[in-house]
Amino acid sequence: MLLLLSNSIDGTADVLVELCRERGLGVFRFNIDLWTHYRFAWTAEGFVFHDPTGRSIASEDVSAVLWRRPSLRDTPDWEGGSPADRIATEAELQTIVREIGDWARARGLLRLIEPSGPRRVGRLAQMRVARAFFPTPDWAVGWGLRWPEGRRMVKRLSTEPVGEGRDAYIFVQSVDAERLSPQWPWLVQEVAVGDRDATVLYVQGRCFGFEMERTRADLGVEDWRIRNGAHDDPWRAWPLPDGLADRIDAYMKRLGLKFGRLDFILDGATAIFLEVNPNGQFGWLDDPQDWPLHRAVLDAALDPSSRIEGTQTTIETID
Amino acid sequence: MLLSASVLLLSAATPQVATDIVPLDLGTRPHIVELSRDPYDWSLQQGLRPSEMKLADSTANCNTATMQTQRNSGTDQVHDCGFD
């Protein structure tokens, strides 16, 4: 039985469950934000989950584990409990789920998505390695200096929200670099030449390319991700230029990743690498008639060769 | 072309001035999209999406997913910008 670790608002997990049902595959979904609705016990002999319908999964029944979005950070508040209870509980819950992932990895059952991938393969590591495979914009990180004059992009190294209410995000955007306060750390990148965004979903060696139908100029944005309702901007299949799929495959192997969504900006036929998201979302790109992307993810999750070994590392070349 | 790290550090860190950009100046609050008022369907192990809602509503980057729930007798606003 497939154990799907996620949350209750994960639309991709909804589709995966549906596809399992269609195939007659057993699946048990643990939604971390609904944890109070489940019953759970774990001893040296193994663990068991029960959900409110009476459905259950025991550790000996688990044939594969897929780490989707078992995070309390971006999910609705769970029922009950005071703020103090939450502080006392949430780290414990996150740790239990992480230990389930470790348990699965030790048995070759953790598949395709590496829980620590987003942290292990950070922005800087992925950009350093990408230079060997794709055109990439120059970048620098620093503080205690006045940045050279010129229009440059500012990116974040992390995805943490900002502001007292932690309700704002710093999207990729261009600034006059010389105006960046020397007192703060900044990730600064040259503005990539290009006009159209593209993205590639990588699923254990398979590449699914998409590009936006409209250019950034048409949209009036510097980065499509800042657009609310970005799914209403039409995307279309993008046949990858010759050799790009091979380079993506080699790049992902260098990073030790079996899954991810890579973002590019297109300058004519040239794909300029921007970033890779080791647990990137892809649902809005899929065809709801047949769900080919979700099917590819499910196929890979069920394939023992997609197991996450725990020995993955990023291999860098010496420049 | 950005300069090397050692050359970048040759420039003195001039004192901050009022027109300098600090991180909060670049912060944006995402627009809120109401996703669903429906409870989770335990029998199907799926969230209930109204017919007019697309999967994209909960998976496009940097939408703000808002779940109007009864949990804790309040409304939870859930951001998914942190995901990608």
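The values are calculated or read from the model by the stated rules, or taken from the named source; none is laboratory data. Note that the structure is a prediction, hence the values are computed from the model and not measured. Backbone-built Cβ (ideal geometry, glycine too); neighbour counts: all protein chains shown.
Quick look at the numbers
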| item | result |
| --- | --- |
| Test: residue in the range A:47-58 that is touching a Gly at 6+ places or on another chain (Cβ under 9 Å) and within 28 Å of A:His294 (Cβ to Cβ) | yes |
| Candidate set from the range A:1-17 (those that are modelled with pLDDT of 95 or more and more than 7 Å from chain B (Cβ to nearest Cβ)); member that is farthest from the chain's Cα centre (by Cα) | A:Met1 |
| Unmet requirement for A:Trp67, which otherwise passes all of (1) at pLDDT 90 or above; (2) farther than 30 Å from A:Ile248 by Cα | (2) |
| Candidates A:Arg105, A:Arg98 - the one that is more than 14 Å from every other protein chain (Cβ to nearest Cβ), in contact with a Gly (Cβ under 7 Å, 6 or more places away or on another chain), charged (D, E, K, R) and not in a loop (DSSP other than H, G, I, E, B) | A:Arg105 |
| Selection count where residues are hydrophobic (A, V, I, L, M, F, W, C) and either within 13 Å of chain B (Cβ to nearest Cβ) or assigned to a loop (DSSP other than H, G, I, E, B) (or both), scope the range A:68-95 | 2 |
| Residue within the range A:269-281 that is over 20 Å from the mean Cα position of the chain (by Cα), more than 14 Å from chain B (Cβ to nearest Cβ) and crowded, with 23+ Cβ neighbours inside 10 Å present | yes |
| Any hit, the range A:51-62, residues being surrounded by fewer than 17 Cβ atoms within 10 Å (Cβ to Cβ), touching an Asp or Glu at 6+ places or on another chain (Cβ under 9 Å), modelled with pLDDT of 95 or more and within 13 Å of another protein chain (Cβ to nearest Cβ) | no |
| Positions within the range A:192-206 being within 15 Å of A:Phe273 (Cα to Cα) and more than 15 Å from the chain's Cα centre (by Cα), in sequence order | A:Ala192, A:Val193, A:Gly194, A:Asp195, A:Arg196, A:Asp197, A:Ala198 |
| Count of residues meeting criterion [touching a strand residue (DSSP E or B) at 6+ places or on another chain (Cβ under 7 Å) and at the interface with another protein chain (Cβ under 9 Å from one of its Cβ atoms)] in the range A:21-50 | 4 |
| Cβ-Cβ under 6 Å pairs, at least 6 apart or on other chains, the range A:71-93 side at pLDDT 85 or above, far side crowded, with 16+ Cβ neighbours inside 10 Å and not in a loop (DSSP other than H, G, I, E, B) | A:Leu93/A:Trp35 |
| Extreme residue, surrounded by the most Cβ atoms within 10 Å (Cβ to Cβ), among residues of the range A:134-183 that are among the charged types (D, E, K, R) and within 7 Å of chain B (Cβ to nearest Cβ) | A:Arg146 |
| Wholly enclosed strands (runs of 3 or more DSSP E) of the range A:1-65 bearing at least 3 residues under 20 Å from A:Gly283 (Cα atoms) | A:2-6, A:27-31 |
